[in-house]
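Notes follow once the structure below has been shown.
The values are calculated or read from the model by the stated rules, or taken from the named source; none is laboratory data. Fair warning: this is a prediction, and the values are worked out from it, not measured in the lab. SASA here: full protein model, heavy atoms, side chains in, ligands and nucleic acids out. Shrake-Rupley method; radii C 1.70, N 1.55, O 1.52, S 1.80 Å.
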Amino acid sequence: DSFIKIKSMYDKASLKVVGSNKPGFHKRYTNNIINKCKSLKGVEYFRHINNKLELLNLYRKSDIFIMPSIKEPWGLTVNEAMCAENAIICSDKVGSAADLVNNNYNGYIFKSNDEYSQIWEYYISYLTSSSCRLRRPVKGR
């Protein structure tokens with residue numbers, strides 16, 4: 001529902017969902033997004049991407065990387081997204097969040113038990129920031 005609201009405010013906003021769609025919470029969450037947003041222009045779903053160049057290109061075409069994990073020991077994809085200069089929105093259950101993400105600087109960390117409403121608040125915050133960019137990570141740092 002929140003992305004639909006964002007899309008109505010920012011027609012150019014897009015959503016690319018990437019994941020293996022394994023059974024469990026991730027699959028239910030992914031299927032929920034896909035089912036609610038499938039009729040919207042700019043919403044795409046990619047299963048697990050093995051080709052590193054294809055994955056890098058997807059990161060480079062993105063401005064924001066969202067990782068809504070409920071359990072993730074580190075979250076290497078956060079590092080990868082930062083290398084492609086994405087702002088990061090991730091849950092506090094992503095191990096790398098505390099070390100790599102500084103709220104209101106290069107992204108936002110939300111509480112994983114918040115039913116994901118904060119994700120979309122942060123997304124809107126990002127879109128409405130004066131430069132439409134937080135201080136994005138510099139490659140190689």
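Calculated translational diffusion coefficient of the chain (10 °C, 1.306 mPa s; Stokes-Einstein with Kirkwood radius over alpha-carbon pairs) equals 103 µm²/s. Report in % the part of the accessible area of the chain that belongs to carbon and sulfur, leaving out ligands and nucleic acids; probe 1.4 Å. Accessible surface attributable to carbon and sulfur in the chain totals 50 percent.
One chain, two ends: Asn31 and Asn113. Fully extended at 0.36 nm per residue, the span grows by 27.6 nm beyond their Cα-Cα distance. Per residue, the accessible area of the chain comes to 62 Å², computed with a 1.4 Å probe over protein heavy atoms only.
The antiparallel fraction among DSSP beta bridges confined to the chain stands at about 0%.
Taking each residue as 0.36 nm, the span from Leu56 to Ser2 lengthens on full extension beyond its C-alpha to C-alpha distance by 16.7 nm. Helix-derived [θ] at 222 nm for the chain: sum -39500 (n - 2.57) over DSSP H runs of at least 4, divide by residue count, nearest 500? Dividing the helical sum by the residues of the chain leaves -11000 deg cm²/dmol. So which of Lys38/Lys93; Lys12/Lys38; Lys7/Lys61; Lys27/Lys52; Lys16/Lys41 end up more than 21 Å apart by C-alpha? Beyond 21 Å: Lys38/Lys93; Lys27/Lys52.
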